[in-house]
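Read the structure below first, then the notes.
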Amino acid sequence: MSTPGSNEPVALRLIDREFLIACAPEERDGLIEAAALLDRKMRELRANTRAPSFERLAVLAAVSMTHELLALRKQQGGHDQQAANRLATLRQRLEIALENADTQHRETVADLLPKA
């Protein structure tokens, strides 16, 4: 039985090679999923590349996947900015509505007070 935080070797297969990589038990499933994604990408590249070496496939896959990640981050950043702009607009509208409600409440209370 392993102690929390202890590393255990996980066998990962990329193309026709096997690698043993140590990882924490709670990271095992994510590591296996990442290796499967990398293996699929490397196989895809191998089908479209003439006489690729394992190392070349690994580098091409890394560059391709990093490019995809950066494109997604950039796209997400745009969505984050749109959400921030919408929230700012809503906040302004809420502040105006609260100010109007406060003003109306004060006027109503003033009307109820006896006149001197």
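The values are calculated or read from the model by the stated rules, or taken from the named source; none is laboratory data. These figures come from a predicted structure and were not determined experimentally. So basically every Cβ, Gly included, is an ideal-geometry build from the backbone, and we count neighbours across all protein chains shown.
A few notes on this one:
- Qualifying position, being among the charged types (D, E, K, R) and surrounded by fewer than 10 Cβ atoms within 10 Å (Cβ to Cβ), among E27, E68, E33, E18: E18
- Checked against (1) farther than 26 Å from V63 by Cβ; (2) touching a Ser or Thr at 6+ places or on another chain (Cβ under 8 Å), N7 passes all but condition (2).
- Filter result for R46 (modelled with pLDDT of 85 or more and either over 18 Å from the mean Cα position of the chain (by Cα) or loosely packed, with under 10 Cβ neighbours inside 10 Å (or both)): yes
- A single member of D39, D80 is at pLDDT 95 or above, assigned to a helix (DSSP H, G or I) and not aliphatic (A, V, I, L, M), and it is D39.
- Per the listing E68, E55, E95, the residue uniquely among the acidic types (D, E) and within 26 Å of the chain's Cα centre (by Cα) is E68.
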